[in-house]
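The values are calculated or read from the model by the stated rules, or taken from the named source; none is laboratory data. Remember, it's a predicted structure, so these values are computed and weren't measured experimentally. Here the Cβ positions follow ideal geometry from the backbone for every residue, glycine too, while neighbour counts run over all protein chains shown.
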């Protein structure tokens with residue numbers, strides 16, 4: 001049964017991939033670079049690795065402001081769509097990061113996805129995927 005579960009959730013977004021600690025988040029927003037799209041903004045930075053159990057995957061943060069989307073139900077819906085779009089586009093980022101950072105395993109890529117949409121209607125999943133792919137392609141990984 002354990003083997004079945006591990007193969008079913010092979011492409012899921014694991015807890016170890018979510019950025020939750022206060023220090024890396026503050027460093028990300030203080031030292032990170034920013035790119036803005038139509039309705040998303042990403043902030044990204046390569047931070048020094050503190051944890052020895054780091055597995056080489058980017059640490060991700062998803063945020064939707066209460067001011068932008070007042071309804072908690074709609075905010076959660078937008079975050080779920082952002083997570084799913086990232087999960088589907090993650091192999092693109094992993095291939096790119098592996099080709100550009102072959103020898104630098106001491107740094108962890110941290111990315112914050114911020115929803116900045118001002119429209120009454122929310123974009124669909126395909127629009128989120130396209131926006132995330134375009135923004136990740138425009139990131140300067142150095």
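Given the condition out of contact with any helix residue (DSSP H, G or I) (no Cβ under 6 Å at 6 or more places or on another chain), at pLDDT below 90, within 19 Å of residue 36 (Cα to Cα) and surrounded by 15 or more Cβ atoms within 10 Å (Cβ to Cβ), answer yes or no: does some residue in the range 82-101 qualify?
Checking the range 82-101: at least one residue is out of contact with any helix residue (DSSP H, G or I) (no Cβ under 6 Å at 6 or more places or on another chain), at pLDDT below 90, within 19 Å of residue 36 (Cα to Cα) and surrounded by 15 or more Cβ atoms within 10 Å (Cβ to Cβ).
If a residue must be part of a loop (DSSP other than H, G, I, E, B) and either surrounded by 10 or more Cβ atoms within 10 Å (Cβ to Cβ) or over 16 Å from the mean Cα position of the chain (by Cα) (or both), how many such residues does the range 114-142 contain? If you could, list the steps in order and put the result at the bottom.
First, pick out the residues of the range 114-142 that are part of a loop (DSSP other than H, G, I, E, B): 116-124, 138-142.
So of that shortlist, the ones also either surrounded by 10 or more Cβ atoms within 10 Å (Cβ to Cβ) or over 16 Å from the mean Cα position of the chain (by Cα) (or both) come out as 116-124, 138-139, 141-142.
Number satisfying all stated conditions: 13.
Can you tell me which residue is modelled with the lowest pLDDT among those in the range 38-65 that are surrounded by fewer than 16 Cβ atoms within 10 Å (Cβ to Cβ) and touching a helix residue (DSSP H, G or I) at 6+ places or on another chain (Cβ under 7 Å)?
55
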